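Peer 1: Take a look at this one; I'll ask things after.
The values are calculated or read from the model by the stated rules, or taken from the named source; none is laboratory data. Quick caveat, the model's predicted, so the values are computed rather than measured. Glycine gets a Cβ as well: all are built from the backbone with ideal geometry, and neighbour counts include every protein chain shown. Please note that ligands, DNA and RNA were not included when accessible areas were found on the heavy atoms of the full protein model with its side chains. Shrake-Rupley method; radii C 1.70, N 1.55, O 1.52, S 1.80 Å.
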Amino acid sequence: MCAKRFSQGSGPSQRQLRVAEVIRHRLAEVFARGELHDPELSRVSITVTEVTITTDLRHAMVYVMPLGGEGAEEVLAGLKRNKAELRHLVAREMALKHAPELKFDLDGTFDRLEEARRLFDDPRVKADVAAPDEDDDA
């Protein structure tokens, strides 16, 4: 009976999703309000695209991208340099026993999206998509 009580699925639990979303919103507020005391980061608009968190809620991976993608490495270095202050600012708004350790990485979604657009604009791909399928003839 106990083994069937919790989901054995490979995806994150509802609690993980909720906590990750709270972290994402709180970090977005911190960046928007300029609560972080770092002059390099206060000049840049930072987008928090996604947060994933471990099952024990102790480690959170935060995916970010500066507006326009310019200076991404400098922003990432600044976030890593200020992760203790960011962890404190996030923990103030959360009712967890332990504040999660924040790790920052650049979000590559925008690059992959641009690559997909470039592929779909290729004339050979357009011709292949426009061609009738062999299954349609049968």
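Peer 1: Give me, ordered by chain and number, the residues 5 or more places off residue 50 or on other chains with an amide H under 5 Å from its own placed amide H.
Peer 2: Result for residue 50 returns 63.
Peer 1: I've got another one for you. Can you send over the solvent-accessible area of residue 94, 1.4 Å probe, protein chains only, in Å² to the nearest 10?
Peer 2: Near enough 30 Å² of accessible area.
Peer 1: Could you rank 101, 50, 74 by how accessible they are, 1.4 Å probe, largest area first?
Peer 2: Listed by decreasing accessible area, they come as 74, 50, 101.
Peer 1: When only C-alpha pairs under 8 Å and at least 6 residues apart count, what is the relative contact order of the range 1-121, in percent?
Peer 2: 24
Peer 1: If you don't mind, another one. So what's the back-of-envelope 222 nm ellipticity for the chain, counting only DSSP H runs of four-plus at -39500 (n - 2.57) apiece and dividing by all residues, rounded to 500?
Peer 2: Computed ellipticity for the chain at 222 nm equals -14000 deg cm²/dmol.
Peer 1: May I have the pair-distance distribution P(r) for the range 40-129, computed from all Cα-Cα distances with 10 Å bins from 0 and rounded to whole percent?
Peer 2: Bins of 10 Å from zero give 15, 38, 24, 14, 8, 2 percent of pairs.
Peer 1: So which trypsin sites (Lys or Arg not before Pro) in the range 22-77 end up in coil per DSSP with only 13 or fewer other C-beta atoms within 10 Å?
Peer 2: 43, 58
Peer 1: From the backbone phi of the range 88-96, what are the Karplus-calculated ³J(HN,Hα) couplings (6.51 cos²θ - 1.76 cosθ + 1.60, θ = phi - 60°) in whole Hz, Gly and Pro given as x?
Peer 2: Each residue's phi maps through the Karplus curve to give 5, 5, 6, 5, 4, 9, 10, 9, 10 Hz.
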